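All remarks here apply to the structure that follows.
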Amino acid sequence: MGFRGRDVISILDFTREDLEELFGLADYFLSNKRSYKLLEDYVVALAFFEPSTRTRLSFETAAKLLGAKVIGFTSEEGTSLAKGETFADTIRMLDGYADLIVVRHKNEGAALYAAEIAEHPVINAGDGKQHHPTQAMLDLFTIWKLFNRVDGLVYAVVGDLRYGRAASSFIYGLTLFEPEKVYLVSPPLLRARPEVVRVLEEKGVKYEEKRSVEEVISEIDVMYVTRVQKERFPDPLEYERVKGSYRITLKLLEKAKDHMKILHPLPRVDEIDPEVDSTRHAAYFTQARFGVPVRMALLSLIVGVKP
Ligand code: CP
C-alpha cells in the first residue's frame, strides 16, 4: 500500500515491503546528511500532549532538514486546552494550519481519534500504552543497519511489556519479519498484554515468556530493554513492587554473544548500568540518532516526494 497520504497509527497497518522502502530511504538520508527542499511548501504540526525528548526533537529536526515549517506545543498547559477547549477542537485547529499532524497523548486511541477528525495525515508519536509506530520503525531500521537483516535473529524484549508502548510496537514490528525466536522477558506483573501475544500467535512467530534475562542471555542476538513505565501504573504500590526488579550489568554481559546488541527506546532510568554504555553491545544511542533519518524518510513518503 505504501505511505503516501496515509495516517500512521500502528506499525501493523504497514507491510514488510513498506518498511523496506522506508529503510532504503532512511539509509539514503543517513548517508547524505544535508538540508533538502522537499517539504518547503509544507507545515508540520507537533502536537505533544505528553512529555518527549527524542520523538519530538527528531521529528522537528527531520521536518526542518526537509525544508518544512514546524508549529506545535510540548504540553497542554501552553494551549487553550487549559481553558477547557476539547482535544477534538484542538486537532481541528491544527488541521487548518498544517499539512501533517504528529500527535503524542497519554490516552490510548488519541491518535486514531485525531486521524478521524483531521483531513491531513496524522502520525502517532505514542498513545498511552498502546502504540509507538515510528519508534518501532527506527528500532527495526537500527537492527537492519547493524545486522543487515531483521530475519533469523533471536530477540529478547526485556522489561515492562505490560505498559510499554515501545515494547509492544517493537514486538508487533517483528511479526512483519521472520525472527528465529522472540523471548518476552519480564517480572510476572509486567507480562505482555494478551492482544500483543495474540499477534505473535496469529503470525506464527516462535516466542517464549521468561522471568529473567539471565535465562536467555547466551542465546540472543538482540536485547530490547525498556524501563518500568511509572507514569502508567494505576496503583503506585504496584509500581513499588516492580521498580528496580531487573538491571543489565557488565557481569550479565559476560555470558552474551560477542555480536549481541542492546537496544532501548530511551529514556533509561536504572535498567541499564551506565558502565554498559562503553561496551560493544550498546547500540541505544546510535538507535536514538537514527530517529532523524527514519522520520525524514517517513515524512517524505507520506507526502510522496523523494530526493
Ligand atoms: N523513545 C521515546 O519515545 O522517547 P521520548 O519519550 O523522549 O520521545
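The figures follow:
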quantity: Residue among Arg227, Arg232, Arg241 that is modelled with pLDDT under 95 and touching a His at 6+ places or on another chain (Cβ under 9 Å); calculated: Arg227
quantity: Entirely in region 193-296, the helices (runs of 4 or more DSSP H) that have 1 or more residues that are open to solvent by 50 Å² or more (accessible area, probe 1.4 Å), touching a helix residue (DSSP H, G or I) at 6+ places or on another chain (Cβ under 8 Å) and closer than 30 Å to Val44 by Cβ; calculated: 284-289
quantity: Extreme residue, farthest from the ligand (Cβ to nearest atom), among residues of region 33-51 that are crowded, with 17+ Cβ neighbours inside 10 Å and small (Gly, Ala, Ser); calculated: Ala45
quantity: Residue in region 262-272 that is farther than 24 Å from His132 by Cα and either more than 16 Å from the ligand (Cβ to nearest atom) or not aliphatic (A, V, I, L, M) (or both) present; calculated: no
quantity: Complete set of residues in region 57-105 that are touching a residue at least 60 places away in the same chain (Cβ under 8 Å), within 16 Å of the ligand (Cβ to nearest atom) and either farther than 17 Å from Val122 by Cβ or not hydrophobic (A, V, I, L, M, F, W, C) (or both); calculated: Ser58, Thr61
quantity: Residues satisfying the stated conditions in region 72-82, i.e. of a type outside the set (S, T, N, Q), open to solvent by 60 Å² or more (accessible area, probe 1.4 Å) and either at pLDDT 95 or above or at positive phi (or both); calculated: none
quantity: Search result, residues across region 146-176 that are closer than 16 Å to Ser10 by Cα, more than 16 Å from the ligand (Cβ to nearest atom), hydrophobic (A, V, I, L, M, F, W, C) and open to solvent by less than 20 Å² (accessible area, probe 1.4 Å); calculated: Leu174
quantity: Subset of region 106-129 (residues that are surrounded by 24 or more Cβ atoms within 10 Å (Cβ to Cβ) and away from the ligand (no atom under 12 Å from the Cβ)); calculated: Ala111, Ala114, Val122, Ile123
quantity: Criterion: open to solvent by 50 Å² or more (accessible area, probe 1.4 Å) and of a type outside the set (Gly, Ala, Ser) - qualifying residue of Asp95, Asp89; calculated: Asp89
quantity: Those residues of region 127-181 which are assigned to a helix (DSSP H, G or I) and of a type in the set (Asp, Glu), in sequence order; calculated: Asp139
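Conditions (1) in a strand (DSSP E or B); (2) of a type in the set (Val, Ile, Thr); (3) modelled with pLDDT of 95 or more, marked per residue:
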{"position": "Phe3", "(1), (2), (3)": "no, no, yes"}
{"position": "Leu12", "(1), (2), (3)": "no, no, yes"}
{"position": "Asp18", "(1), (2), (3)": "no, no, yes"}
{"position": "Phe23", "(1), (2), (3)": "no, no, yes"}
{"position": "Glu40", "(1), (2), (3)": "no, no, yes"}
{"position": "Ser52", "(1), (2), (3)": "no, no, yes"}
{"position": "Thr61", "(1), (2), (3)": "no, yes, yes"}
{"position": "Glu85", "(1), (2), (3)": "no, no, yes"}
{"position": "Arg104", "(1), (2), (3)": "yes, no, yes"}
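The values are calculated or read from the model by the stated rules, or taken from the named source; none is laboratory data. For clarity, every value in this text was computed on a predicted model and none was experimentally measured. So basically every Cβ, Gly included, is an ideal-geometry build from the backbone, and we count neighbours across all protein chains shown. Surface areas here come from the heavy atoms of the whole protein model, side chains and all, with no ligands, DNA or RNA. Shrake-Rupley method; radii C 1.70, N 1.55, O 1.52, S 1.80 Å.
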